[in-house]
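Working notes, beginning with the structure itself.
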Amino acid sequence: MKILMIEDNKSVSEMMQMFFKKEGWDAHFAYDGEQAVQMFNEDSDDWDMITLDLNLPKMDGMQVSAEIRKTSPTVPIIMLTARDSESDQVLGLEMGADDYVTKPFSPITLIARIKALDRRAKIGGKMTDHEPVSASVVKEEEKFDIDTGKFQLNSKTREAYLNGKQINDLTPKEFDLLKTLAQKPRQVFSREQLLQLVWDYEYYGDERTVDAHIKKLRQKIEKVGPQIIQTVWGVGYKFDDTGADES
């Protein structure tokens, strides 16, 4: 794994370097926001994982995340933050992070989070940006795991379509959320259930994580068609494409 750790505390970076080396990972380090963006852009297609401190000199973690997402919508990002505010954590997820770890953290915990996120990202092989294609063309060559007539999803290619249009730039977690919901149309999932099904490690009941990812997923769905992720107030979310006919 080629990992970029963006962290202004050099003692933390030096500590994690030992753990990364033990895992056999190719670790690189940036100590401020501007350096981080420059390093990422120099080799944007080859990074497998980003860990990103929220509080950075020159350019903060939110800005760095936004810049990285302009270049790569799918590279996994774990945000490291010393802030306790839930609003900061949710904002970080909305700005493009896939996960967060609160400081001070155990190196073993961070390694476990990285491995879990990496497994999800690599289920369908290395993800690359590509032009939208018609679902009818893909359907002739690939078998969809889910096909409602209006919505199709292929786990092998990590692609999803609504009314023949591809839902682009899905992060690993967004794809897994969409698949989990779509596998059981109109079944309501609580936030706690989604945490257990989509995140394969303990999340200690932080249900706002689900809300942040659902919000980003909905924004991407709405770019191609009607909304198919519905809120069931006081309970959770469900997939329902019964009203998703093309206008």
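Summary of values
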| quantity | calculated |
| --- | --- |
| Yes/no for Arg208 being within 28 Å of Arg113 (Cβ to Cβ), in contact with a helix residue (DSSP H, G or I) (Cβ under 6 Å, 6 or more places away or on another chain) and modelled with pLDDT under 85 | yes |
| Test: residue in segment 61-79 that is surrounded by fewer than 15 Cβ atoms within 10 Å (Cβ to Cβ) and in a loop (DSSP other than H, G, I, E, B) | no |
| Residue match in segment 31-44 (condition: within 29 Å of Asn168 (Cα to Cα), aliphatic (A, V, I, L, M), touching a helix residue (DSSP H, G or I) at 6+ places or on another chain (Cβ under 9 Å) and crowded, with 18+ Cβ neighbours inside 10 Å) | yes |
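The values are calculated or read from the model by the stated rules, or taken from the named source; none is laboratory data. Keep in mind that what you see is a predicted model, and the values were worked out from it rather than measured. With ideal geometry, Cβ positions are generated from the backbone for all residues, glycine too; neighbour counts draw on all protein chains shown.
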